[in-house]
Amino acid sequence: MAEPMHAQDVAESGALLAADPRYQAAQLPPFLLQTVMRVAERYGVDSERLCHGLGFSAADLVDPGLRVSYRQASQLIRRALQQIPVPALGLEVGRSNVLGTLGLVGYAMSLSATLGEAIMLALHYQVLTGGIVHTDFGMEGEEAWLTAEFRFPEPEIQVFAVEELFASGMVYMHSLAGPGFRPLRIECIYPAPAHAEAYAAAFAVPVLFGCLQNRFVVDSRWLAHALPTHEPLALRQTLKMLDQEALAATPPDDLALSVERAIVRVLAKGAHIEDIAADLNMSGRTLRRRLAEQGLSFDVLLDNVRRTRVLSLLANPRMLFEQIASEVGYSDVRSFRRAFRRWTGVSPSEFRR
């Protein structure tokens, strides 16, 4: 849905919008926002007021064909955090989801042979689930994990986003694997919030704050857990429908996302366009040309990845600026400070205070 710009939004996002047109692209399904609306109504908050001026109404959100932009979604979530009287709002929203909240993706997950296959399916089709973070998978030895990474630097909603993702993950895992499922631990970049005690009720496992990543860590043996609702024929039919829907929802050349993922993998070591281009089987010149066709540049994407990662790490008060600079590929802290002031208009110290 096309969205209007309002004066109150310009100050917060003007520079970002100029750098990355994807911030205003209407690509997100409304599933997450639907749950936010249900929680708002549960606490007597006017859902229409939350949506006012964003280009859609609360009634519009029940349309599964609606697509909203990241800017619209993040603005609505900011309002919800201000108006819904729940300190751990992300946990509340996450626990209010059901597997069906994911639409056809949730149904396909239930038809998968194992829990691991269901997780991989959800990651493959995450463009259709309406989430505001990018989720990835990793495994080493006896541990496997899901990571939550942000495409745009908006620290005001990052605690909410991580809480919602991991709390809903618990709901989905219990629906698929049964009530006996437990992760090994939860890791969060940000420091313990004032409502940290709510995490014990939500996860019933150790929750670590001030980490380098947001991770939902499980025993890798859970990946082989057989699902009792596996149905091969129905799964094949559902995957065909999902492929058609994903083709319509995904830009024909989502090169920018591939570049960002490649940058994230080597950020601390230094991301150079020739190396990233080689990783994507093309020359640096070709990569620059193809990004320009999308209204983007490699420098903009690198800046965006760095800025998003820096604003996440700054939430950890134990992280020294020298450590943060190194984590995002700056050779010295002075270059980091100059870049940060360019991004925000203030120094890292001022921002952290």
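Acidic (Asp, Glu), under 30 Å from Glu231 (Cβ atoms) and surrounded by fewer than 19 Cβ atoms within 10 Å (Cβ to Cβ): does that describe Asp63? Considered against the rule, which asks whether it is acidic (Asp, Glu), under 30 Å from Glu231 (Cβ atoms) and surrounded by fewer than 19 Cβ atoms within 10 Å (Cβ to Cβ), Asp63 comes out as yes. Selection of region 335-346 for residues being among the hydroxyl-bearing types (Ser, Thr, Tyr) and under 26 Å from the mean Cα position of the chain (by Cα) yields only Thr344.
Residue-by-condition table, conditions (1) out of contact with any Leu (no Cβ under 9 Å at 6 or more places or on another chain); (2) part of a loop (DSSP other than H, G, I, E, B); (3) touching a residue at least 24 places away in the same chain (Cβ under 8 Å); (4) of a type in the set (A, V, I, L, M, F, W, C):
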{"position": "Leu146", "(1), (2), (3), (4)": "no, no, yes, yes"}
{"position": "Gln158", "(1), (2), (3), (4)": "no, no, yes, no"}
{"position": "Val162", "(1), (2), (3), (4)": "yes, no, yes, yes"}
{"position": "Gly180", "(1), (2), (3), (4)": "yes, yes, no, no"}
{"position": "Ile186", "(1), (2), (3), (4)": "no, no, yes, yes"}
{"position": "Tyr190", "(1), (2), (3), (4)": "yes, yes, yes, no"}
{"position": "Pro193", "(1), (2), (3), (4)": "yes, yes, yes, no"}
{"position": "Ala198", "(1), (2), (3), (4)": "no, no, yes, yes"}
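Scanning region 161-204 for residues that are among the acidic types (Asp, Glu), under 16 Å from Asn97 (Cα atoms) and touching a strand residue (DSSP E or B) at 6+ places or on another chain (Cβ under 8 Å) yields nothing.
All conditions in (1) out of contact with any Gly (no Cβ under 7 Å at 6 or more places or on another chain); (2) surrounded by fewer than 19 Cβ atoms within 10 Å (Cβ to Cβ); (3) touching a residue at least 24 places away in the same chain (Cβ under 8 Å); (4) farther than 23 Å from Tyr23 by Cβ hold for Leu223, with the sole exception of (1). Scan region 100-130 for residues that are in contact with a strand residue (DSSP E or B) (Cβ under 8 Å, 6 or more places away or on another chain), under 23 Å from Arg151 (Cβ atoms) and surrounded by fewer than 22 Cβ atoms within 10 Å (Cβ to Cβ) and jot them down. The answer is Met120, Leu123, Gln126. Considering every residue within region 105-125, establish whether at least one is within 20 Å of Gln72 (Cα to Cα) and not charged (D, E, K, R). No. Of all residues in region 169-213, those being within 19 Å of Ser112 (Cβ to Cβ) and under 19 Å from the mean Cα position of the chain (by Cα) number 5.
Screening the candidates Glu149, Glu163 for the property of being under 18 Å from Thr135 (Cα atoms) and at pLDDT 95 or above yields one hit, Glu163. Within region 66-117, the set of residues being without any contact (Cβ under 8 Å) to a residue 40 or more places away in the chain and among the basic types (Lys, Arg) comprises just one member, Arg79.
Within region 208-221, being part of a strand (DSSP E or B) and within 25 Å of Arg353 (Cα to Cα) holds for one residue alone: Leu208.
Would you please list the contacts, defined by Cβ atoms under 6 Å and residues six or more apart or on different chains, that run from a residue in region 30-50 that is in contact (Cβ under 8 Å) with a residue 60 or more places away in the chain to a residue that is polar (S, T, N, Q)? Listed pairs, sorted by first residue: Phe31/Thr101; Thr35/Ser96; Thr35/Asn97.
A quick yes/no check of all residues on (1) at pLDDT below 95; (2) out of contact with any Leu (no Cβ under 7 Å at 6 or more places or on another chain):
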site	(1), (2)
Leu17	yes, yes
Ala25	yes, yes
Asp63	yes, yes
Arg71	yes, yes
Leu89	no, no
Glu92	no, yes
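Residues of region 339-353 that are surrounded by 11 or more Cβ atoms within 10 Å (Cβ to Cβ), under 16 Å from Asn304 (Cα atoms) and out of contact with any Lys or Arg (no Cβ under 9 Å at 6 or more places or on another chain): Arg341, Arg342.
Output the residue which, of all residues in region 255-282 that are in a loop (DSSP other than H, G, I, E, B) and surrounded by 13 or more Cβ atoms within 10 Å (Cβ to Cβ), is modelled with the lowest pLDDT. Among them, the one singled out is Leu280.
Gly295 satisfies every condition listed in (1) out of contact with any Cys (no Cβ under 9 Å at 6 or more places or on another chain); (2) on the phi < 0 side of the Ramachandran plot; (3) of a type outside the set (Asp, Glu) except (2).
Filtered by the rule that a residue be more than 30 Å from Phe209 (Cα to Cα) and touching a Pro at 6+ places or on another chain (Cβ under 7 Å), region 268-320 gives a lone residue, Gly295.
The values are calculated or read from the model by the stated rules, or taken from the named source; none is laboratory data. Predicted model, so just to flag it, every value in this text is computed and none were measured. Note: ideal-geometry Cβ built from the backbone for every residue, glycine included; neighbour counts use all protein chains shown.
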